[in-house]
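Visitor: This is the structure I have questions about; it appears just below.
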Amino acid sequence: MAKLLLYLTLATSLIPLFSVAFSPENPTDRRVLVLVDDFAIKSSHSLYFGSLTSRGFQLEFKLADDPNIGLQRYGQYLYDALVLFCPSVERFGGSIDVASIVDFVDSGHDLIVAADSNASDLIREVATECGVDFDEDPAAMVIDHINYAVSNFDGDHTLIASDDFIKADVILGSKKIEAPVLFQGIGHSLNPANSLVLKVLSASSSAYSANPKSKLSNPPSLTGSAISLVSVVQARNNARILITGSLSMFSNRHEKSGNEQFLTEISKWVFHERGHLKAVNVRHHKVGESDEPAIYRINDDLEYSVEIYEWSGTSWEPYVSDDVQVQFYMMSPYVLKTLSTDQKGHYSAEFKVPDVYGVFQFKVEYQRLGYTSLSLSKQIPVRPYRHNEYERFLPAAYPYYGSAFSMMAGFFIFTIVHLYSK
Amino acid sequence: MAAAAKAGEATLRHAFGNVLSFFILLLIGVLAFSIRLFSVIKYESVIHEFDPYFNYRVTQFLTKNGIYDFWNWFDDRTWYPLGRVIGGTVYPGLTLTAGTIWWLLNSLNIPLSVETVCVFTAPIFSAFASWATYLLTKEVKGAGAGLTAAALLAMVPSYISRSVAGSYDNEAVAIFALIITFYLYIKTLNTGSLFYATLNAIAYFYMVCSWGGYTFIINLIPMHVLLCIVTGRYSSRLYIAYAPLVVLGTLLAALVPVVGFNAVMTSEHFASFLVFIILHVVALVYYIKGILSPKMFKVAVTLVVSVGLVVCCAVIAILVALVASSPTKGWSGRSLSLLDPTYASKYIPIIASVSEHQPPTWPSYFMDINVLAFLVPAGIIACFLPLSDASSFVVLYIVTSVYFSGVMVRLMLVFAPAACIMSGIALSQAFDVFTRSIKFQLLRILGFSEADAGDGSSANVVPENDAVKVDKSEETIKERPSRKNKKKEKEQMEKAQAEKTSAKSKTEKRLLVLPMELSVIGLLLLVFMGAFYVVHCVWAAAEAYSAPSIVLTSYTHEGLHVFDDFREAYAWLRHNTEVDDKVASWWDYGYQTTAMANRTVIVDNNTWNNTHIATVGTAMSSPEKAAWEIFNSLDVKYVLVVFGGLVGYPSDDINKFLWMVRIGGGVFPHIKEPDYLRDGQYRIDSQATPTMLNCLMYKLSYYRFVETDGKGFDRVRRTEIGKKYFKLTHFEEVFTTHHWMVRIYKLKPSKNRIRGKMKKSKSRTSTPSSKRSGSRKKNPWQ
């Protein structure tokens, strides 16, 4: 009896834990682990953390070298997202290391990494794993002698102002960020071949990355708008990562700047409150029928439909767009058709199966900037005509039918005449 | 009184001979069936090799879904993503035969599984084939030769190799169909009966249903007809034997979906139509000759010949122009490689790559037909004494089939029945001569009165019987001219015939006078030869040709080893992968994968799409990343390779690799064979080229191989492998069978993230630079 009670209590205590967990049905992160170098950050960056908690996130602050931290227990992840505000940590405590963070991301969880001018190799390595290369010079900072913050008083122009945002409403929200973002930290570069990583905030063309304390002896390796200040990564499994070279960017110091709005909006994106699509009810059937066949015949008319929804942070809203396309694909698309939408998330298209048989796929490859990628494919074979599905009598062949039958009749008469005459 | 008694005795002897023949034939059937059961006894009742698995799968489909679904079967599990219309591309004879047998047995409440029926179809039909051989040879040279030929065919190793229990392939029924078609043709030729002509067309239809080799028939029979016409043997019986066959046969052949319009469109069939026309012209000429006076006839001939030549030239010119407008001159690749043995190796590596399409070696003749090789010339000579329509056909058959068997080892199978018929004739004629001369010698020694009494003894029945048969055949020869309606011709022919027969009887008389001792020694030698043949055949059936090739065995000093790796791997695939997963392998294993593992394959043994096979070949001979991209674009989930290096299984994928390179390079020119060759050889040891060591096939075959013995010694190539320690980046090993004969790899999904450039500089530089060096190093080895 006591055991049963124990189970019950355990079960009841676990239920809320599960109900807030990340799931495909409810993709917004809930449990966030924040690793900090020291707990002072908790107060110095309280505005940012406040905006997160006000949106319903459960933040758990831990020191980065706390020996008891761990991302998972008994094979289950304890958190939905990880925030690394610990630029100077040389070794994580507990069971966390670069590999475990990478696994955390690869299993679909989100990550925010903030480095600083004294960023450790560990943080740089995490960033590299995600496709972001910080300036290799450990003392380098982004300097801009033109677009610097006027409030900056030490004169080396390392607190720079930038408003070179990525043009994507889904990442930065539809409301325009008026004030520039103030940034003080190290810049990073992205591999242009890397299609997963996006430059959200880049430095102006007059910026460069160098050590502000020493004299510039040779040309800086990172210059101009190639320097990325804030980047996001959307991995192939739709895990989202935010990487920036400035921890102070999140702090409460920069009041009049656009920092707060920028960071709030982008963390909404990172934590899947925006731009998360799902496709359900993929259906296809012949025109005029409703059952899904196991096989189509060439030249059948068919109808394909899919419903696409976007997560708004609290509920699934219909996703409306006019550029969703379906392919009828066998090694190359035979049919490429834009789906028409009814504005309620239902997309459909009618088309004719091509005059080619084989194993086709209905493919929807919807990859739009900032949205999670939708990649649907459904295999369907297409068969040729059956032997009795061809026309029985061809009008063009009537002369041949006539000649055959007249030949037969003629031969019959000839035989009779030949045998019985005389 | 005495005459009546003699006549009664003759009929009695005749009846006795027939009963004896019947039981001999029955025993030959039992022999033909049982000699093919070694595979079941030594291994188990399984389907063998590659193609039989496909036939088995098709038969299963047929028994489950019925004939109409079979006819319209679009198979989406092979040749992904193209699929294959099985109903329209398969010769349905075998499947329908086995399906009918199964259905018949089931409706008789004999619940055999489809597999059992399939396994035993080939032995049953080889019994039928030996009976058909009896009929055919009997038509040519009498019952004695027929029985001998049937007995020889029942156990000829060449035929056994394709028809052991479990070897469920088209040839199993096609050889029977081939012989029965020939028999019916000869029968029609000898009797002039339209009934047999119709049966002949139906038998031809069955042959067309069963095997692509039917083109042999439709070319051989016209050749024979032409030969008969040229040698002045035209008769109305020839017309009846041929004309209905062409008309009905072509109509029936066009009903088979896989043949369809090919029956009138391809060059393989043109010979029959041409001869059909010639036959009619000749018939017309003979007819006109009959009704016109000689003088008038001469005038008509000059008129017709001059006009006819012009028309003929025009028609032929048009035909040639039509045929020449197609690039292959209207011939299929396989037929072309028959006419020009070097064609395939020059232009179609996919045909050249099949081992059974290679020319045979000399020893294989002695392996496959053994002593028959020596008897065949004697048989040919016997066929010329006297030369009849039937025996000239057999001679033509053996001459053409010898040529074809020399081009393609597979066609040894067509040659074997001809060799058996010839040897049967030779043996029976030799026995005939020897026994008869012994008999005459005995008569001379013992005197006439005792000879009469000795006549009844069973030992002399066979030669007597033969003598009767010889008489009969002579009768038919004599009869023939009388059936012709032209009188002069008839007279002439009769005169010539009379001369011929008299000459023949003289030679026969001369032959008969053999000394007693010589005859006895000759008989003994013949018996020894026969015994040697039987021993060889049984050995071949038991040891050489009964291996099912999906289960392998080997004897070592430790005892018997059984390698059941193929079924192990296919069972793993069946149980551990998703139903719709695609498995890529070299095409040899396609049929087995679909039949045994029930998984979709990219290419299989029906090599209808060269490009698709070349794609797989290119992937196998590309570096890992390029291969991954090719396979990924084909939705492949698993890659299966066969590797014999651990146990010394020689027909593994590394040994087949040169064909992957050649076929792949034939379509995708960036695969160049010289890149893989060192000193003109495919090497995998330390001398191997970097391209070879980096290609997917090498990596998948030898991944972790060094862990087995620490050295990486390949027992097939008898060398240590060149690159021992390497990692796979785009593939992961998921299953390797007990003896490492089949290795299955899974394609890794594309990377979730793309790494940046910095840090971990070791791994970063190694991957791209090796690729770059690979491409850079291509040139120096050319």
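Just so you know, all these numbers are worked out from the coordinates, no wet-lab data involved. The structure presented is a predicted model; accordingly, all values stated were derived computationally and were not measured. Glycine gets a Cβ as well: all are built from the backbone with ideal geometry, and neighbour counts include every protein chain shown.
Visitor: Which loop-located GluC sites (Glu not before Pro) does the range A:116-212 contain, where loop means any DSSP state but H, G, I, E or B and the Cβ has at most 11 other Cβ atoms within 10 Å?
Guide: A:GLU178
Visitor: Would you please put B:213-220, A:64-71, B:603-610 in order of how densely packed they are, using the mean number of other Cβ atoms within 10 angstrom per residue and starting with the highest?
Guide: The densest-packed peptide leads the list: B:213-220, B:603-610, A:64-71.
Visitor: Using Cα pairs closer than 8 Å and at least 6 residues apart in sequence, work out the relative contact order for the range A:218-352, in percent.
Guide: 17 percent
Visitor: While we're on this one: Only bridges with both residues in chain A count here: give the DSSP antiparallel percent, nearest 5.
Guide: 75 percent
Visitor: How about the range A:57-92: which chymotrypsin sites (Phe, Trp or Tyr not before Pro) there lie in a loop by DSSP and see at most 11 other Cβ atoms within 10 Å?
Guide: Passing both the DSSP loop test and the Cβ count: A:TYR74.
Visitor: Please determine, in degrees from 0 to 90 and to the nearest 10, the orientation of helix B:389-407 with respect to the longest principal axis defined by the Cα atoms of chain B, where the helix direction is its Cα long axis.
Guide: 20 degrees
Visitor: How high is the relative contact order of chain B, in percent, with contacts defined as C-alpha pairs under 8 Å that are six or more residues apart?
Guide: 13 percent
Visitor: May I ask what percent, to the nearest 5, of DSSP beta bridges between residues of the range B:562-747 are antiparallel?
Guide: If I count the DSSP bridges inside the range B:562-747, around 75 percent turn out antiparallel.
Visitor: Rounded to the nearest 20 debye, what is the charge dipole size of the range B:540-662 about its Cα centre when +1 sits on each Lys and Arg Cβ and -1 on each Asp and Glu Cβ?
Guide: Charge dipole of the range B:540-662: 260 debye, to the nearest 20.
Visitor: I've got another one for you. In percent, what relative contact order does the range A:29-269 have, based on Cα pairs under 8 Å that are 6 or more apart in sequence?
Guide: Relative contact order comes out at 21 percent.
Visitor: Could you work out the equivalent-ellipsoid semi-axes for chain A, taking the square root of 5 times each eigenvalue of the Cα gyration tensor, largest first, in whole Å?
Guide: For chain A, the semi-axes come out at 63, 28, 19 Å.
Visitor: Would you mind checking the tilt of helix B:2-34 against the longest principal axis of the Cα atoms of chain B, expressed as 0 to 90 degrees and rounded to 10?
Guide: For B:2-34 against chain B, the angle is about 0 degrees.
Visitor: Given the alpha-carbon gyration tensor of the protein assembly as shown, what are the semi-axes of its equivalent ellipsoid in whole angstrom, ordered largest first, with each equal to the square root of 5 times an eigenvalue?
Guide: 83, 34, 27
Visitor: Once you compute Rg and the Kirkwood Rh from C-alpha atoms, what is the Rg to Rh ratio for the range A:163-267?
Guide: 0.98
Visitor: At a 10 Å Cβ-Cβ cut-off, how would you order B:LYS439, A:LYS167, B:LYS289, B:LYS711, fewest neighbours first?
Guide: A:LYS167, B:LYS711, B:LYS289, B:LYS439
Visitor: Can you count the Lys pairs in the range A:29-269 whose Cα atoms are under 23 Å apart, with each pair 8 or more apart or on different chains?
Guide: Final tally of qualifying lysine pairs is 17.
Visitor: Considering the options A:PRO354, A:GLY275, A:TYR334, tell which one lies farthest towards the positive end of the dipole of the range A:274-381, charges being +1 on Lys and Arg and -1 on Asp and Glu at the Cβ, about the Cα centre.
Guide: Farthest towards the positive pole: A:GLY275.
Visitor: Could you work out the percent of alpha carbon pairs in chain B separated by over 39 Å, rounded to a whole number?
Guide: More than 39 Å apart: 48 percent of the Cα pairs in chain B.
Visitor: Okay, next question. Against the longest alpha carbon principal axis of chain B, how many degrees, from 0 to 90 and to the nearest 10, is the axis of helix B:461-483 turned?
Guide: 80 degrees
Visitor: What longest region of chain B stays clear of GluC sites (Glu not before Pro) that DSSP places outside H, G, I, E and B and that have at most 12 other Cβ atoms within 10 Å?
Guide: No qualifying site falls inside B:45-557, the longest such stretch.
Visitor: If you take every DSSP beta bridge fully contained in the protein assembly as shown, what fraction is antiparallel? Give it as a percent rounded to 5.
Guide: Roughly 75 percent of the DSSP beta bridges within the protein assembly as shown come out antiparallel.
Visitor: Just counting partner chain Cβ atoms within 10 Å, what average do the residues of peptide A:189-199 show around their Cβ?
Guide: 2
Visitor: Quantify how strongly other chains surround peptide B:632-642 by giving the mean number of their Cβ atoms within 10 Å of each of its Cβ atoms.
Guide: 1
Visitor: Which ordering of A:LYS213, A:LYS363 is given by a fewest-first count of other beta-carbon atoms within 10 Å?
Guide: Ordered from fewest to most neighbouring Cβ atoms within 10 Å, A:LYS213, A:LYS363 come out as A:LYS213, A:LYS363.
Visitor: Additional query: Run a plain Debye calculation on the range B:562-747 (Cα atoms as equal point scatterers, no solvent) and give log10 I(q)/I(0) at q = 0.09, 0.13 Å⁻¹, rounded to two decimals, same order as the q list.
Guide: Log-scaled intensity ratios, in q order: -0.28, -0.61.
Visitor: Treat the count of other C-beta atoms within 10 Å as a stand-in for reagent exposure and order B:VAL173, B:VAL742, B:VAL90 from fewest to most.
Guide: Ranked by crowding around the Cβ, least crowded first: B:VAL90, B:VAL742, B:VAL173.
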